Amino acid sequence: MTKYTKAEIDPWSTKAKIQALLAEALGVSFDALMNFYTTGEFVAGVTLSSVESWISQEAAPEDSAKILKALAAMHERSTVKTTELYAWPRQVLETSPFDRSTLELMGVTEEKISAVERGGDDDGTMARVIAHILNKSQEEVSEVLAQRKEIS
C-alpha cells in the first residue's frame, strides 16, 4: 500500500492477485479499482450499466421473480411523498473531517445519503461512519436512523 501511495509501483504492471488484495484493502471492488485507474474516480455501488449487463448476460430465469419484486419495491418507494428531508445525517457528514472521496471509499455515496434523506433504509454503512464521526456506538446511530430522529 505504501508503494502505491508513494507512486513507486505502476498499478498497471502488477498481477491481478495483488490488485485484488489492494482493492480489498481499500474497501472497494476490483472493478471500482480498475475504473479508478482509468478515470481517477472511485465509483461506489452498483451502476445501472452493470445491472443491465448482469441481467442480459448472467441472470437465470429463476432470478426474474426477485428482479420483479425489487422493481416493485423501487416503484413503491418512488411513489411515497416525503414532505421534509431527513437532513441531520448529511449535515454530520458534510461537517466531518472527511472529504467526499474519503466518504465514498468508506461506502457513503451521494446515492446512499439521498436515499436516507428520502426515507430509505441504511445498509449499516452510514451508521458505521456517522458513529465513528460522532464517537457513538453503531447500534445507537442505527436505531436513530431507523426511527428518523436526530441523535442526542
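Quick note: the coordinates plus some simple rules give every number you see, no bench work behind them. Owing to the predicted nature of the structure, the values given are computational and were not obtained by experimental measurement. Don't worry about glycine lacking a Cβ; one is built from the backbone with ideal geometry, like all the others, and counts go over all protein chains shown.
A few points about this structure:
- Backbone N within region 111-136 under 13 Å of label point (7 Å from Ser50 Cα along the Cβ vector): none
- Near-label residues of region 129-144 by backbone N, under 20 Å of a point 7 Å along Cα→Cβ of Asp121: 129-131, 138-144
- Neighbour counts of other Cβ atoms within 10 Å put Trp54, Trp88 in the fewest-to-most order Trp54, Trp88.
- Hits among aspartates and glutamates - C-alpha to C-alpha of Lys66 under 16 Å, sequence gap 8 or more where chains match: Glu52, Glu58, Glu76
- For the chain, size of Cβ-based charge dipole, Lys and Arg +1, Asp and Glu -1, in debye: 160 debye
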